[in-house]
Amino acid sequence: MLGSQSIVATDFFTAEVRTPRGLKTYYILFFMELSTRRVTIAGFTPRPHGRFMAQVARNLTDEEDGFLNGKRFLIHDRDTKYTDQFLRILGDAGVESAQCPAKAPNCNAYAERFVRSIKEECLSRMTFFGEKSLRRAITEYAVHYHSERNHQGLGNERIEPEPKPHRVTGSIRCRSRLGGLLRFYHRQVA
């Protein structure tokens, strides 16, 4: 029987980065395991050409630690960035492409929701000076998304929760990321 643990969704989102030559648009490619909502950022580039996409496909299907190992279906939109070579590499690894119909964003709703979350909670509130600052923000957001942010679709639980304290009393502490932009409150363990 086919379970949701074998289904992955993917999409791109963009961010504007200030450079000495002006604003540059970066395309960020991510993949999400639907059963757990676990996200991996597969790459950043100002030009998502065929060579970039082929390398991402090879990385994702690596036999040792590829994110798509054991996955069967990849849901994606009709963006031309998903090249024939990209889809062929995935197909050779046993991952079947499930292309969404045109103008049907609800077919990839989990990926679209992640894009909305990262943009509203992080990217739209910051100005990036160079690719390094963008990478740092996205990396910090990914840690927050997995281990500190509750998800309604998962019963208001976190994707990677810390062990629960044995006590229900104690002071509440705040952990923050990106200068306080992202916050997480937790009970201090004695």
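The values are calculated or read from the model by the stated rules, or taken from the named source; none is laboratory data. Source: prediction; values computed, not measured. Backbone-built Cβ (ideal geometry, glycine too); neighbour counts: all protein chains shown.
For region 116-133, filtered to residues that are more than 14 Å from the chain's Cα centre (by Cα) and in contact (Cβ under 8 Å) with a residue 40 or more places away in the chain, the residue that is nearest to Thr45 (Cα to Cα) is Glu131.
Count of region 114-141 residues, restricted to those that are surrounded by 17 or more Cβ atoms within 10 Å (Cβ to Cβ) and either of a type in the set (Val, Ile, Thr) or within 28 Å of Gln99 (Cα to Cα) (or both), is 6.
Looking only at residues of region 95-112 that are surrounded by fewer than 15 Cβ atoms within 10 Å (Cβ to Cβ) and of a type in the set (D, E, K, R), we find that the one that is farthest from Pro20 (Cα to Cα) is Glu96. Out of Lys71, Lys103, Lys81, one residue alone is within 24 Å of Tyr145 (Cα to Cα) and among the basic types (Lys, Arg). It is Lys71. Taking the conditions (1) of a type in the set (S, T, N, Q); (2) within 30 Å of Gly179 (Cβ to Cβ); (3) in contact (Cβ under 8 Å) with a residue 40 or more places away in the chain in turn, Asn108 satisfies each one other than (2).
Against the criterion of being touching a residue at least 12 places away in the same chain (Cβ under 8 Å) and either of a type in the set (A, V, I, L, M) or surrounded by fewer than 20 Cβ atoms within 10 Å (Cβ to Cβ) (or both), Thr10 does not qualify. Inside region 59-106, residues that are outside any helix (DSSP H, G or I) and among the polar types (S, T, N, Q) make up a count of 6.
Of all residue pairs spaced 6 or more apart or on separate chains, none has beta-carbon atoms under 6 Å together with a first member in region 162-181 that is acidic (Asp, Glu) and a second member that is surrounded by 11 or more Cβ atoms within 10 Å (Cβ to Cβ) and at pLDDT 80 or above.
Sort out which residues of region 54-78 are among the acidic types (Asp, Glu) and surrounded by 15 or more Cβ atoms within 10 Å (Cβ to Cβ), and write them in order of number.
First, pick out the residues of region 54-78 that are among the acidic types (Asp, Glu): 62-65, 77.
Within region 54-78, just Asp77 meets the criteria.
In region 23-57, of all residues being among the charged types (D, E, K, R) and modelled with pLDDT of 95 or more, the one that is nearest to Ala93 (Cα to Cα) corresponds to Arg51.
Given the condition of a type in the set (A, V, I, L, M, F, W, C), over 12 Å from the mean Cα position of the chain (by Cα) and modelled with pLDDT under 95, answer yes or no: does some residue in region 3-12 qualify? Looking for residues that are of a type in the set (A, V, I, L, M, F, W, C), over 12 Å from the mean Cα position of the chain (by Cα) and modelled with pLDDT under 95, one finds at least one in region 3-12, hence yes. When you scan region 103-118, do you find a residue that is more than 25 Å from Leu154 (Cα to Cα) and modelled with pLDDT under 95, even just one? Within region 103-118 (the criterion being more than 25 Å from Leu154 (Cα to Cα) and modelled with pLDDT under 95), the answer is yes, since at least one residue qualifies.
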